[in-house]
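The values are calculated or read from the model by the stated rules, or taken from the named source; none is laboratory data. No experiment lies behind these values; they were computed from the predicted model shown. All Cβ positions, even for glycine, are placed from backbone atoms using ideal geometry, and neighbour counts span all protein chains on display. Areas reflect the complete protein model, heavy atoms only, side chains present, ligands, DNA and RNA absent. Shrake-Rupley method; radii C 1.70, N 1.55, O 1.52, S 1.80 Å.
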Amino acid sequence: MAVTGAVMVGFLALHMLGNLKIFYGRESFNEYAHWLRTLLQPFLPYRGVLTLLEIGLFLAVVLHMWAAITLTRRARKARPVKYVAKKSQATGYATHIMRWGGVTIALYIVWHLLDLTFGVVNPAGFNSAPADRMIEGFQPGRWWVTAVYVIAIILVGLHLRHGIWSAFQTLGWVKGERRRIVKLGALAFSAVLVLGFLAPPLAIMFGVVK
Amino acid sequence: MDLTLKVWRQSGPDDAGRMVTYLAKDVSPDMSFLEMLDVVNEKLILEGDDPIAFDHDCREGICGMCGMVINGVAHGEQRATTTCQLHMRHFEDGAEITIEPWRAAPFPVIKDLVVDRSAFDRIIQAGGFVSVPAGSAPDAHAVPVRKEDADDAFDAATCIGCGACVAACPNGSASLFTAAKITHLSLLPQGQPERLIRAKAMVDQMDAEGFGGCTNTGECTAVCPKGIPLDTIAQMNTDYLKASR
């Protein structure tokens with residue numbers, strides 16, 4: 001969970017920074033998308049680096065889900081008889097929604113890919129520039145797309161709030177005073193990520209970015 | 001004070017079990033939770049009923065025998081307290097109290113609130129021996145130990161093996177118990193020779209017993225009567241990862 005999660009967190013950070021390019025205009029955003037595909041081009045074919053990254057990311061997602069399913073199945077087997085009354089004593093809302101939150105995020109990613117990567121359900125269509133898909137996808141007329149996006153991103157933020165410090169704990173890097181710092185760091189990182197992801201669609205919906 | 005108790009009754013390992021309601025009248029607020037159950041049991045015996053079976057021994061909060069889930073919380077809502085040290089003054093008059101045994105597949109119910117915690121013994125056994133010279137007690141300053149290490153090792157060593165961590169864990173994981181036992185030796189010089197083999201063997205035994213995996217929810221440390229910190233689990237993970245390399 002920790003290692004595959006870390007891969008995805010790394011991806012999310014880059015993805016968030018890439019999205020912010022839309023504030024520099026459509027050109028800049030499209031150039032960035034093009035740059036990703038032509039990275040190291042003389043040495044690797046077109047889309048070489050990107051394809052390698054996509055394979056790595058896909059593996060991380062699959063292994064993360066496999067680990068989560070294994071943990072859930074072990075947990076069910078370890079407690080065949082449920083409590084009549086059970087009260088949580090630990091702090092933190094995020095820990096309670098890791099499993100179903102994760103499933104919800106996975107379902108959202110399917111929609112997200114269909115919408116903005118493949119353009120199948122996007123008004124700009126399949127053969128459009130990435131910036132056009134992004135800007136037309138988040139127009140006020142499609143407010144519900146933006147609403148679902150906002151909910152999904154907040155879920156991602158909550159998932160990471162527990163997930164990031166949890167990864168440090170799993171790898172044994174949290175001890176004593178450092179626990180507080182790691183937990184605060186996880187919270188801060190998640191918050192920055194959420195704000196960075198929410199900025200472009202909201203700016204587009206309210207007409208700041210055209 | 002008068003209380004309504006909803007208690008898990010199960011005549012034996014093969015019985016399906018059910019919640020049964022009892023009235024506990026004239027309970028003194030000065031009684032411990034176990035003394036309150038003693039009074040209820042005396043009445044049950046006088047009426048010719050089977051008394052409620054529960055584990056207990058020292059009743060001083062140090063043996064780790066007692067333990068039940070009270071109103072959905074292992075050892076009750078009073079923090080850092082074993083069931084025997086929980087007093088009735090923490091309950092309201094007329095309150096309804098739900099009492100259940102630890103719930104985990106590796107802790108099968110023997111009767112009512114008594115569960116078989118032999119799985120813990122097998123985890124300890126898997127840890128094996130510690131290489132220390134036998135004979136008369138060595139001088140206290142023969143092997144220097146850093147104060148911080150001694151404190152952390154002692155914190156881990158206060159684990160009484162009651163099983164509340166397993167009971168509270170949504171995954172039914174025994175990580176806090178196993179981690180406490182691994183940590184209290186792995187922080188001391190005496191525990192170094194077998195440190196990694198011990199961590200590997202104990203974690204493998206824990207998994208073999210059918211306990212769930214840790215997802216760092218922190219439910220265990222919240223109910224632990226000795227307040228064993230999650231740091232121990234990080235220590236266990238460190239040792240286990242090193243041993244698996």
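Checking each residue in the stretch A:175-192 for being under 17 Å from the mean Cα position of the chain (by Cα) and surrounded by fewer than 21 Cβ atoms within 10 Å (Cβ to Cβ) picks out A:L187, A:A188, A:F189, A:A191, A:V192. Do the conditions hold for B:N171, that is, is it surrounded by 15 or more Cβ atoms within 10 Å (Cβ to Cβ) and free of Cβ contacts under 8 Å to residues at least 24 places away in the same chain? No, not satisfied.
Scanning the stretch A:70-91 for residues that are in contact (Cβ under 8 Å) with a residue 12 or more places away in the chain and facing chain B (nearest Cβ under 7 Å) returns a single hit, A:L71.
Residues checked against (1) open to solvent by 60 Å² or more (accessible area, probe 1.4 Å); (2) facing chain A (nearest Cβ under 10 Å); (3) small (G, A, S):
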site	(1), (2), (3)
B:A137	yes, no, yes
B:H141	yes, no, no
B:D155	yes, no, no
B:S175	no, no, yes
B:A180	no, no, yes
B:P189	no, no, no
B:G218	no, yes, yes
B:I228	no, no, no
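Applying the selection to the stretch B:19-43, what residues are farther than 23 Å from B:T81 by Cβ, open to solvent by 90 Å² or more (accessible area, probe 1.4 Å) and touching a residue at least 12 places away in the same chain (Cβ under 8 Å)? B:L23, B:K25, B:D26 - these are the residues of the stretch B:19-43 that are farther than 23 Å from B:T81 by Cβ, open to solvent by 90 Å² or more (accessible area, probe 1.4 Å) and touching a residue at least 12 places away in the same chain (Cβ under 8 Å). A single entry from A:G196, A:G172 fulfils the requirement of being within 12 Å of chain B (Cβ to nearest Cβ) and open to solvent by less than 80 Å² (accessible area, probe 1.4 Å): A:G172.
Only residues that are within 13 Å of chain B (Cβ to nearest Cβ) and open to solvent by 20 Å² or more (accessible area, probe 1.4 Å) were counted in the stretch A:144-164, giving 4.
Among the residues of the stretch B:13-36, is there at least one that is in contact with a Cys (Cβ under 8 Å, 6 or more places away or on another chain) and not in a helix (DSSP H, G or I)? Yes, the stretch B:13-36 contains a residue that is in contact with a Cys (Cβ under 8 Å, 6 or more places away or on another chain) and not in a helix (DSSP H, G or I). What's the total number of residues in the stretch A:33-63 that are outside any loop (DSSP other than H, G, I, E, B) and more than 19 Å from the chain's Cα centre (by Cα)? Result for the stretch A:33-63: 6.
Per-residue answers, yes or no, for (1) in contact with a helix residue (DSSP H, G or I) (Cβ under 8 Å, 6 or more places away or on another chain); (2) in a helix (DSSP H, G or I); (3) more than 28 Å from A:H34 (Cα to Cα); (4) at pLDDT 95 or above:
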residue: A:L107; (1), (2), (3), (4): no, yes, no, yes
residue: A:G119; (1), (2), (3), (4): yes, no, no, no
residue: A:H159; (1), (2), (3), (4): yes, yes, yes, yes
residue: A:F168; (1), (2), (3), (4): yes, yes, yes, yes
residue: A:K175; (1), (2), (3), (4): yes, no, yes, no
residue: A:G185; (1), (2), (3), (4): yes, yes, yes, yes
residue: A:P200; (1), (2), (3), (4): yes, yes, no, yes
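For every residue, the table says whether it meets (1) in a helix (DSSP H, G or I); (2) of a type in the set (D, E); (3) more than 18 Å from B:V132 (Cα to Cα).
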| position | (1), (2), (3) |
| --- | --- |
| B:V143 | no, no, no |
| B:G161 | no, no, yes |
| B:A179 | yes, no, yes |
| B:I197 | yes, no, no |
| B:C220 | yes, no, yes |
| B:M236 | yes, no, yes |
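It is to be established whether one or more residues within the stretch A:133-151 are within 28 Å of A:P201 (Cα to Cα), β-branched (V, I, T) and in contact (Cβ under 8 Å) with a residue 60 or more places away in the chain. Within the stretch A:133-151 (the criterion being within 28 Å of A:P201 (Cα to Cα), β-branched (V, I, T) and in contact (Cβ under 8 Å) with a residue 60 or more places away in the chain), the answer is yes, since at least one residue qualifies.
Scanning the stretch B:103-118 for residues that are more than 11 Å from chain A (Cβ to nearest Cβ), assigned to a loop (DSSP other than H, G, I, E, B) and buried (at least 17 other Cβ atoms within 10 Å of the Cβ) yields B:D112, B:L113, B:R117. Summed over the stretch B:181-195, the residues that are farther than 13 Å from B:N237 by Cα, more than 17 Å from the chain's Cα centre (by Cα) and assigned to a helix (DSSP H, G or I) give a count of 4.
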